[in-house]
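Here is the structure we will look at.
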Amino acid sequence: MEYRIPYDHHELTFKLPDHQEVYCLSPRAAEAPDLEFSRDEEMKRVREALESPLGSPPLYRLAREARRAVIITSDHTRPLPSRLTLPLLLEAMRRENPELSLEVLVATGLHEKPDSRVIREKFGDLPDRISFYWHDARDRENLVSLGTLPSGGPLLVNRRILETDLLVSEGFIEPHFFAGYSGGRKSVLPGVAGQESIRWNHSYPMIAHPEARAGSLADNPLHRDMVAAARAAGLRFCLQVILDGSHRVIRAYGGDPFLSHEEGCREAEALFGVPVRKGRLVITSAGGYPLDQNLYQLVKAIDTASRCCEPGGTIVAAAGCRAGIGGEDFCRQLGESADPGRTLARFAALGPRNTEYDQWQTQVLLRVRARHRIVVVTGGISADTLKTMHLEGSEDLQQAVDAALSVTGGPVVVIPDGIGTLITGRKDGEK
C-alpha cells in the first residue's frame, strides 16, 4: 500500500507491506467533499461570518464611530489566508466609515520578521492608506504594562493595541499542542505580548501541566492567561476560520472574541478529532508549508505522534525545513540534551521568570525523546547537524520507514498531518 504525507509545497510517498497492520488517522477537516471550493465560495463564508456575528454587532457598526482601528493578524508561520481574509475585514470596517485610520499589526510573538518575498507571499498587495507593523516582543519602549496574569506573570503588550478606538483580530483555529487550540485570544498573548509575558506563560510548570495539551481548554493554565490578556487589552471582535488540508476556508466565525472562539473550537473538535490508535511505528508530517518550514514547528507534529506511539517505539516525522532549525536557543538547548532528563531538570529549576527562549519547544521534544526514538526526514537540515542535536536524520522517507519497521515492527500508525490532527483519548500515563 502506498501512503502520502504533505511535505513543503508537495507530497512524499512511501509504501508499507500489504500484510502490515496500519492505522491511518486523517481528520474530517483534511478534505471537505460536501463543500464547493472557489475563491468566491470562501469569500462568501467569511462575509457571512462578518455580517452575522456571534455575541456582537456587525463589524461595520463597531467601526462606524471609530477614528482609528488596529487589526492583529497572524505571521508567516501560520497558514491563515490573509490575502483573502484581510481585505474583507478592511472592506467591512470602512463600509460606513471610509475615513477610518487602519493599522495592521502582525502577531509575531517571539518569531523573527521574514524577508520581503515571504511577506509578499503571505499578504499580497494591501490597499492604500493601511499602515503595516511587525510586533517586536523585545522592544521595551513599545510595550505597556497591563498588570498581572492569572498565573502571576507580568502582562506587557504592544502599545499600538491600546492607542486605538477599536481592536480587532483575525486567526485560524486548529489543535495546539499546549494551548488547546490556536486562534482567538492567542493573537494578544503570545501574539503581541512582551517577551517577559511570553516566557512566563510558556514556562516549565505551565507546559508541564497535565491540561496543557491539544484539545484542552477548561483547566488549561496557558489558555487562562491568554483569555485574561485578550480581555485586558480590550479585544472587541475576532474573525476565526477553520481550514482544510489544502488551507481552504471551510468554516468562518465572527463576533465576540471569546464566544466566536469557543464556537469554533467546539466544531474544530469534531473536524480535527480522531480516536487514538497505538503503534510501534508512527509516521507523520507537519502538514506541509508554511508550518513545516523549520524543525521548531515540526515539534508539534512529533508531540501528536507521541500520543499514538507505544513506549520505546519510533516516530518518523517529515518536514521541508526550508528555513532550517528555527532558533539559536532551540538549537543550543538540543545540542546540550544528550541526557533529556538532565536538561528537563535544569529547565524546571529555572523558574518562570528565567525561562529561556524556545525552552518550551525543547521541553516538549525532550519529553517525547525520553520515551521514543525520533527520526527526522528533511532535505533542509543535514543528518550531521541533526546528530549534533541528538536526533536521527534522513533525506529519504522510504528508507527511514523501512529501517524503523525492521527494528520496531508494527502496528504502524500514519498521521499525514500531525499538526492538524487532534488525537482524542488520553495517552499512556495521563489521568
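Could you look through the stretch 100-118, keep only residues that are assigned to a loop (DSSP other than H, G, I, E, B) and in contact with an Asp or Glu (Cβ under 7 Å, 6 or more places away or on another chain), and pick out the one that is modelled with the lowest pLDDT? Only one residue fits best here, namely HIS111. One residue alone among ALA69, ALA30 is within 26 Å of GLY273 (Cβ to Cβ) and among the hydrophobic types (A, V, I, L, M, F, W, C), and that residue is ALA30.
Of everything listed in (1) closer than 28 Å to CYS265 by Cα; (2) surrounded by fewer than 23 Cβ atoms within 10 Å (Cβ to Cβ), the single unmet condition for GLY410 is (1). Of the residues making up the stretch 61-87, those that are touching a Lys or Arg at 6+ places or on another chain (Cβ under 9 Å), modelled with pLDDT under 95 and part of a helix (DSSP H, G or I) are SER82, ARG83, LEU84. Selection of strands (runs of 3 or more DSSP E) fully inside the stretch 119-200 by the criterion of at least 3 residues being charged (D, E, K, R), closer than 24 Å to LEU50 by Cβ and modelled with pLDDT of 95 or more returns nothing. Of the residues in the stretch 410-417, none is within 30 Å of PRO154 (Cβ to Cβ), of a type outside the set (Lys, Arg) and either in a loop (DSSP other than H, G, I, E, B) or touching a strand residue (DSSP E or B) at 6+ places or on another chain (Cβ under 6 Å) (or both). I'd like to know if the stretch 207-223 contains one or more residues that are in a strand (DSSP E or B) and in the same structural domain as MET43 (by TED's automatic domain parsing). Scanning the stretch 207-223 turns up no residue that is in a strand (DSSP E or B) and in the same structural domain as MET43 (by TED's automatic domain parsing). Within the stretch 152-172, take every residue that is surrounded by fewer than 18 Cβ atoms within 10 Å (Cβ to Cβ) and of a type outside the set (A, V, I, L, M) and give me the one that is farthest from LEU235 (Cα to Cα). Once the filter is applied, the top-ranked residue is GLY152.
Yes/no per residue for (1) under 30 Å from LEU298 (Cα atoms); (2) surrounded by fewer than 21 Cβ atoms within 10 Å (Cβ to Cβ):
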{"position": "ARG67", "(1), (2)": "no, yes"}
{"position": "ILE71", "(1), (2)": "yes, no"}
{"position": "GLU91", "(1), (2)": "no, yes"}
{"position": "ARG120", "(1), (2)": "yes, yes"}
{"position": "ARG138", "(1), (2)": "yes, yes"}
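Restricting ALA270, ALA286, ALA317 to residues that are within 15 Å of the chain's Cα centre (by Cα) and on the phi < 0 side of the Ramachandran plot narrows the list to ALA286.
Of the numbered criteria (1) free of Cβ contacts under 8 Å to residues at least 60 places away in the same chain; (2) outside any loop (DSSP other than H, G, I, E, B), the one ASN97 fails is (2). For PHE14, the conditions (1) in the same structural domain as GLY420 (by TED's automatic domain parsing); (2) part of a helix (DSSP H, G or I) all hold with the exception of (2).
Scanning the stretch 244-265 for residues that are modelled with pLDDT under 95 and part of a helix (DSSP H, G or I) yields nothing.
Checking each residue in the stretch 32-57 for being modelled with pLDDT under 95, part of a loop (DSSP other than H, G, I, E, B) and crowded, with 17+ Cβ neighbours inside 10 Å picks out only ALA32.
The values are calculated or read from the model by the stated rules, or taken from the named source; none is laboratory data. Bear in mind that the values here come from a model prediction, so they are computed numbers and not experimental data. So basically every Cβ, Gly included, is an ideal-geometry build from the backbone, and we count neighbours across all protein chains shown.
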